[in-house]
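Visitor: Let me begin by handing over the structure; questions about it come next.
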Amino acid sequence: MSGLSYYWEPRWIRKSVTIADGIVIETCLDLTTNLLVCPLCVDIDKLCPYRDRESDAAPPTNASYFFSEEDLVRHIYAHKEALWKHAIAYTEAEEEEEGEQEEEEEEEK
């Protein structure tokens, strides 16, 4: 039984992906599996630091991998939505805290 392997020998290269009109991101593509990695989940400068040559860096364990650019773009928009929701929640909490501080100051007077 030959040909089966549990070992992945990555060959990362830099790849540009257009996520919207005029917006291009850099990510890493593995030539062995054709997987794209999310550049927001990992530091691509460590994974594929060179634009003009391959890297054999080990695949990150806490990364998101995609077979298509379309799926990667959807994932990136999910990051954007999550960040937006976090920013709104943070702003609301901050406003609530300011309101409580003002009430405390008025009570002290």
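Visitor: Restricting to the stretch 5-37, and then to whatever is more than 18 Å from the chain's Cα centre (by Cα) and either at pLDDT below 90 or farther than 18 Å from Asp52 by Cα (or both), can you tell me which residue is surrounded by the most Cβ atoms within 10 Å (Cβ to Cβ)?
Guide: Thr33
Visitor: For the stretch 50-76, what are the residues that are surrounded by 12 or more Cβ atoms within 10 Å (Cβ to Cβ), of a type outside the set (D, E, K, R) and within 21 Å of Ile19 (Cα to Cα)?
Guide: Ala63, Ser64, Tyr65, Phe66, Leu72, Val73, His75, Ile76
Visitor: Then there is this: Which is at pLDDT 90 or above and acidic (Asp, Glu), of Glu81, Glu69, Glu92?
Guide: Glu69
The values are calculated or read from the model by the stated rules, or taken from the named source; none is laboratory data. In this text, all values refer to a predicted model and were calculated from it rather than measured experimentally. All Cβ positions, even for glycine, are placed from backbone atoms using ideal geometry, and neighbour counts span all protein chains on display.
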